[in-house]
1. ³J(HN,Hα) across the stretch 89-101 via Karplus (A = 6.51, B = -1.76, C = 1.60, θ = phi - 60°), whole Hz, x for Gly/Pro?
2. Please sort 100-110, 62-72, 25-35 by packing, taking for each peptide the average over its residues of neighbouring beta carbons within 10 angstrom, highest first.
3. Compute, for residue 17, the solvent-accessible surface of its heavy atoms (probe 1.4 Å) with the complete set of protein chains present, and express it in square angstrom to the nearest 10.
4. Using all alpha carbons of the chain, what is the percent of pairwise distances in each 10 Å bin, ordered from the shortest bin to the longest?
5. Treat each spin label as a single point 7 Å out from the Cα along the C-beta direction, and report the residue 77 to residue 61 distance in nm.
6. Give the carbon-plus-sulfur fraction of the accessible surface of the chain in %, rounded to a whole number; probe 1.4 Å, heavy atoms of protein chains only.
7. Under the 0.36 nm per residue contour assumption, what length would be gained going from the current alpha-carbon distance of residue 118 and residue 6 to full extension?
8. Provide the per residue accessible area, probe 1.4 Å, for the chain, rounded to a whole number of square angstrom.
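The values are calculated or read from the model by the stated rules, or taken from the named source; none is laboratory data. Keep in mind it's a predicted model, so treat the numbers as computed, not measured. Methodologically, a virtual Cβ is constructed for each residue, glycine included, from the backbone with ideal geometry; neighbour enumeration extends over all protein chains shown. The accessibility values were calculated without ligands, DNA or RNA, using every heavy atom of the protein model including side chains. Shrake-Rupley method; radii C 1.70, N 1.55, O 1.52, S 1.80 Å.
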Amino acid sequence: LSPTVTQIGTLGGNMAIAGDIVGIGNGTVYGTAYNLNDGTSSGTSVNNVLVQIDPSTGAMTMIGATGFPKLFGVAYAGGMVFGFTHDGSGHVITIDPTTGVGTLFNTFNDPDSNMPITFSGAGVNSKVSPIG
C-alpha cells in the first residue's frame, strides 16, 4: 500500500522552507525559510530566517533572521536549533529558538579532500526533548 501525503497548509507570505524541518517533543516544529520573491543580495536567500510551523495548519510564525545562507538542514539539541549550510562553507550553526539569531558552532571539512562540506540536509531524531 502506498503512503498518502496530505497538504495541511502553506507557509504564506511567499515563503518557502530552505531544507529540513524538525519537530520536538512539545509539538513545536522549526524550519529555516526564505522569501521566494526576494531577489536582493541581502535578503532572506542569503540570510535564512527561523520559522515555527503549526503542524495542524501549516501556518508559519517568523522568529527571526539567522544571518546565514542556504540552511538546507536543521536539527535540535540542547535547547537550540542547529542549521547546516549548503553554501560550501562547511558551517554548522546554532540558532536561538526565541530570536532566530545564528552563531557559528563549527566548520566541518571532508576528511578525504579537506574541503568544506556542503550539507544537503541533516539526520534528525523526531520529537526530541525540548530541553535537549
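1. 8, x, 6, 10, 10, 9, 10, 5, x, 9, 10, x, 5
2. The peptides rank, most packed first, as 62-72, 25-35, 100-110.
3. Surface open to solvent at residue 17 totals about 50 Å².
4. Values per bin, smallest distances first: 13, 43, 32, 10, 1.
5. It works out to 2.6 nm between the two label points.
6. Of the solvent-accessible surface of the chain, carbon and sulfur hold 55 percent.
7. That pair, residue 118 and residue 6, stretches by 37.2 nm at full extension.
8. Heavy-atom accessible area per residue stands at 55 Å².
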